[in-house]
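Let me begin by presenting the structure, written as structure tokens, before commenting on it.
The numbers here are math on the coordinates, done by the rules we state, and not lab data. Owing to the predicted nature of the structure, the values given are computational and were not obtained by experimental measurement. Heads up, the Cβs are rebuilt from the backbone with ideal geometry, glycines too, and the neighbour counts pull from every protein chain shown.
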Amino acid sequence: MSHTFSLRPVSPADDAFLFALYASTRPDIAALGLGDTQREVLLRVQWMAQRHGYQARYPHGEHQLVLLDGHPAGRLWVAREPGELRLVDVSLLPAHRGAGLGTELLRALQQQAAAAGKPLRLSVARDNPARRLYARLGFTSVAGMEPGASEPYLALEWSPGPREG
């Protein structure tokens, strides 16, 4: 399925959407049995910590809104580093997950990485269902990071070359 998506830089006016998007990626918080106010406070603190952490670690990263037919559908945060293209984060609203949009976004990044002659790298939570997508698109575990390791995140890499295509 082909989508008409575009990207635009995130602005402060996008904060309400970005918070709702973040909250949609955290079903584990809902499972804690907190009241609405407590749940929202916890989500807001974590959302702000994530954003500030990404900004500190990737100060020149591109934080963009993913627009599907002109409407916000998700976000894409990419850092173009000297030795790599780093997918910092990709998140889609639940209504747009599993429909091919994530695949198209990642394939576009793979094309950019190939054109730059750099690997595309990311970290993913071991229990994240997106791992299946990354595997289908040719991402492999980074050497030294064993699949059964105790760390909650797995380092993955896609390199341009014979596997490309």
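Given the criterion touching a residue at least 40 places away in the same chain (Cβ under 8 Å) and either among the charged types (D, E, K, R) or assigned to a helix (DSSP H, G or I) (or both), identify the matching residue among R80, R39, R75. Working first, answer last.
Details: R80 fails: touching a residue at least 40 places away in the same chain (Cβ under 8 Å); R39 fails: touching a residue at least 40 places away in the same chain (Cβ under 8 Å).
Only one candidate qualifies: R75.
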List pairs: first in the range 127-140 and surrounded by fewer than 15 Cβ atoms within 10 Å (Cβ to Cβ), second part of a helix (DSSP H, G or I), Cβ under 7 Å, 6+ apart or cross-chain?
none
Going through the range 73-90 in order, the residues found to be surrounded by 18 or more Cβ atoms within 10 Å (Cβ to Cβ) and over 8 Å from the mean Cα position of the chain (by Cα) are A73, G74, V78, A79, L85, R86
For the range 12-25, name all the residues that are within 16 Å of the chain's Cα centre (by Cα) and surrounded by fewer than 15 Cβ atoms within 10 Å (Cβ to Cβ).
A20
Restricting attention to the range 33-40, does a residue exist that is under 26 Å from Q110 (Cβ atoms) and touching a helix residue (DSSP H, G or I) at 6+ places or on another chain (Cβ under 9 Å)?
no
Taking the range 41-60 and the residues there that are under 15 Å from V88 (Cα atoms) and touching a helix residue (DSSP H, G or I) at 6+ places or on another chain (Cβ under 9 Å), the one that is surrounded by the fewest Cβ atoms within 10 Å (Cβ to Cβ) would be Q50
Among L109, L65, which is the only one that is touching a strand residue (DSSP E or B) at 6+ places or on another chain (Cβ under 6 Å), in a helix (DSSP H, G or I) and surrounded by 13 or more Cβ atoms within 10 Å (Cβ to Cβ)?
L109
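Based on what the data block shows, is D127 of a type outside the set (A, V, I, L, M, F, W, C) and either more than 14 Å from the chain's Cα centre (by Cα) or in a helix (DSSP H, G or I) (or both)? Give the steps one after another, and end with the answer.
Values: of a type outside the set (A, V, I, L, M, F, W, C): yes; either more than 14 Å from the chain's Cα centre (by Cα) or in a helix (DSSP H, G or I) (or both): yes.
In short, yes.
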Of the residues in the range 26-40, how many are within 26 Å of A99 (Cα to Cα) and either surrounded by 14 or more Cβ atoms within 10 Å (Cβ to Cβ) or in contact with a Lys or Arg (Cβ under 6 Å, 6 or more places away or on another chain) (or both)?
2
